[in-house]
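What follows is a short report on a single structure.
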Amino acid sequence: MPVALQLALKARATVSPNPVARLYRSVVKELPRVLTIYDIDTPLPEARAAIRSKFEHYGQIKDTRVLDMLIEKGYMDLEETLLQHTQRSHLLRSLSLNTEMQGSQRKRLSPESSIDEQFARGY
């Protein structure tokens, strides 16, 4: 059995009255560790708010099969993140933490841009 699926297998085997809340608690519990591993300089409350918005985005889903699939995928994503199989940029994108400059907007500079703006353009 692959090591990367341990959290998802444990979640599937455990009967919980509210598995979504259990996943949320697991993610929030590991969030400080993830921010340290990936060297993300985001305040913890802001990162928690990003996680909460992801959970709220899927809050309208009532189909139990879809919920089970999303919960298992959430545990798998958490496990892959903790095992550092996720790249930093993917984590930032999934948390929507670097929304001010994405894609080609990051590369656009005005003709009167200072040298500081040129070096601080999104890394």
Any residue in the range 2-26 that's farther than 24 Å from residue 57 by Cα: show its pairings with residues that are at pLDDT 80 or above at Cβ separation under 6 Å, as long as the two are six or more apart or on different chains. 4/79
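Check 104, 53 and return the single one that is modelled with pLDDT under 90 and either part of a helix (DSSP H, G or I) or closer than 23 Å to residue 6 by Cβ (or both). Don't jump to the end; show me each part of the working.
Numbers: 53 fails: modelled with pLDDT under 90.
The unique qualifying residue is 104.
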Any idea how many residues of the range 34-57 are within 16 Å of residue 93 (Cβ to Cβ) and of a type in the set (Lys, Arg)? 1
Out of everything in the range 55-79 that is within 11 Å of the chain's Cα centre (by Cα) and in contact (Cβ under 8 Å) with a residue 40 or more places away in the chain, what residue ends up being farthest from residue 22 (Cα to Cα)? 78
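The values are calculated or read from the model by the stated rules, or taken from the named source; none is laboratory data. Just so we're clear, the structure is a prediction, and the values are computed from it rather than from any experiment. Here Cβ is always computed from backbone atoms with ideal geometry, including for glycine, and neighbour counts include all displayed protein chains.
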